[in-house]
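Notes follow once the structure below has been shown.
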Amino acid sequence: MKIRRGRTADAQAIGRVHVETWQATYAGLLPDAMLVRMSEARQAAYWQRSLADPREARGIFVAEDDDMGVVGFGSCGPVRDPPDGLNGTEQRVGEVYTLYVEPDFQNRGLGRRLLDAMFRQLRADGFDTAVLWMLARNPTRFFYEGMGGDPAGSRTDRFSGTDVEEVAYAWRDLDAPLVRRRLAPEEEG
Ligand SMILES: CC(C)(COP(=O)(O)OP(=O)(O)OC[C@H]1O[C@@H](n2cnc3c(N)ncnc32)[C@H](O)[C@@H]1OP(=O)(O)O)[C@@H](O)C(=O)NCCC(=O)NCCS
């Protein structure tokens, strides 16, 4: 299983993983009408355009299985909507826009490896902080907390006419290893 930068030839596969993971993850969290209307072809066209733009493509990474092809992806770049919980010490803020791993391939370390690749890219591009927005009700929150993200604000977004609460996480040391902190034996109760 390898992590590499995305290329235009991946657009179709990323579009498929995008729709599959949204429908699996967001059922009950986002309006059904919106989820059933999602189209792999439309998402593929969106990713095709992003991958064809070198400034965007440098922040797009895929996880590739030898047999199954692309099974996960993530994208990052300059912050689009800085959360209000940033404390003002941040100089250049980047953002992880997306991170999705197919259900059958979750919990094998691919999410961590994709996040790591994106943080390296953001560092290389001169960012000192990364933020990420996610649905407040998405249980994946605990994944980001395990990866060292700190709560950094909230906002209300609108999906197909429905208001949805979102929360932001921030990482202020993009060099720190993404290891889940485990209690040392002497710290355990
Ligand atoms: C969130 C996601 C990207 C994580 O990727 P993954 O490949 O499953 O995660 P990893 O295998 O790298 O997990 C790394 C660590 O996080 C833990 N973890 C993974 N998902 C978790 C969750 N939902 N809650 C708590 N811990 C979680 C793993 O157990 C592992 O812990 P360890 O270090 O103790 O071994 C993936 O599960 C996913 O795509 N989920 C659905 C879509 C989604 O919600 N995306 C985020 C939108 S912002």
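The values are calculated or read from the model by the stated rules, or taken from the named source; none is laboratory data. All values derive from a computational prediction rather than experimental measurement. No Cβ is skipped: glycine too gets one built from the backbone with ideal geometry, and neighbour counts run over all protein chains shown. SASA here: full protein model, heavy atoms, side chains in, ligands and nucleic acids out. Shrake-Rupley method; radii C 1.70, N 1.55, O 1.52, S 1.80 Å.
Would you check which residues across region 105-114 are open to solvent by less than 10 Å² (accessible area, probe 1.4 Å) and more than 11 Å from the chain's Cα centre (by Cα) and list them?
Scanning region 105-114 gives a single hit, L110.
Does region 31-41 hold any residues that are out of contact with any helix residue (DSSP H, G or I) (no Cβ under 7 Å at 6 or more places or on another chain) and surrounded by 14 or more Cβ atoms within 10 Å (Cβ to Cβ), and which are they?
P31, M34
Please go through region 102-133 and give me each residue that is part of a loop (DSSP other than H, G, I, E, B) and more than 12 Å from the ligand (Cβ to nearest atom), ordered by number. Please lay out each step first, then the result.
Initially, region 102-133 is screened for residues part of a loop (DSSP other than H, G, I, E, B), giving 102, 106-109, 125-128.
Listed by number, the residues that qualify are D125, G126, F127, D128.
Just to verify a result, which residue in region 139-170, among those that are near the ligand (Cβ under 10 Å from one of its atoms) and among the aromatic types (F, W, Y), is farthest from D116 (Cα to Cα)?
The extreme case among them is F142.
Given the conditions (1) within 9 Å of the ligand (Cβ to nearest atom); (2) open to solvent by less than 30 Å² (accessible area, probe 1.4 Å); (3) not basic (K, R), and given that G77 satisfies all but one, which numbered condition is not satisfied?
Of the numbered conditions (1) within 9 Å of the ligand (Cβ to nearest atom); (2) open to solvent by less than 30 Å² (accessible area, probe 1.4 Å); (3) not basic (K, R), the odd one out for G77 is (1).
If we scan region 115-130, do we find a residue that is farther than 15 Å from L174 by Cα and either open to solvent by 40 Å² or more (accessible area, probe 1.4 Å) or within 14 Å of the chain's Cα centre (by Cα) (or both)? Show your work before the answer.
Kept after step one, since they are farther than 15 Å from L174 by Cα, are these residues of region 115-130: none.
No: region 115-130 contains no residue that is farther than 15 Å from L174 by Cα and either open to solvent by 40 Å² or more (accessible area, probe 1.4 Å) or within 14 Å of the chain's Cα centre (by Cα) (or both).
Which of the following residues is within 16 Å of the ligand (Cβ to nearest atom), open to solvent by less than 60 Å² (accessible area, probe 1.4 Å) and at pLDDT below 95: G15, G28? Reasoning before the result, please.
Numbers: G15 fails: at pLDDT below 95.
Selected residue: G28, the only one of G15, G28 that is within 16 Å of the ligand (Cβ to nearest atom), open to solvent by less than 60 Å² (accessible area, probe 1.4 Å) and at pLDDT below 95.
Scan region 131-153 residue by residue and report those that are in contact (Cβ under 8 Å) with a residue 60 or more places away in the chain and open to solvent by less than 70 Å² (accessible area, probe 1.4 Å).
L135, N138, T140, A152, G153
For the list (1) open to solvent by 60 Å² or more (accessible area, probe 1.4 Å); (2) without any contact (Cβ under 8 Å) to a residue 60 or more places away in the chain, I need the number of the one condition that T89 fails.
Result: T89 passes all but (2).
For region 99-114, what are the residues that are of a type outside the set (A, V, I, L, M) and farther than 17 Å from L174 by Cα? Write out each step before concluding.
Keep residues of region 99-114 that are of a type outside the set (A, V, I, L, M), which gives 100, 102-109, 111-113.
If the condition is that a residue be of a type outside the set (A, V, I, L, M) and farther than 17 Å from L174 by Cα, then Y100, E102, P103, D104, F105, Q106, N107, R108, G109 are the ones that fit.
Tally time: how many residues in region 131-155 are over 14 Å from the mean Cα position of the chain (by Cα) and more than 20 Å from D32 (Cβ to Cβ)?
Qualifying residue count, region 131-155: 8.
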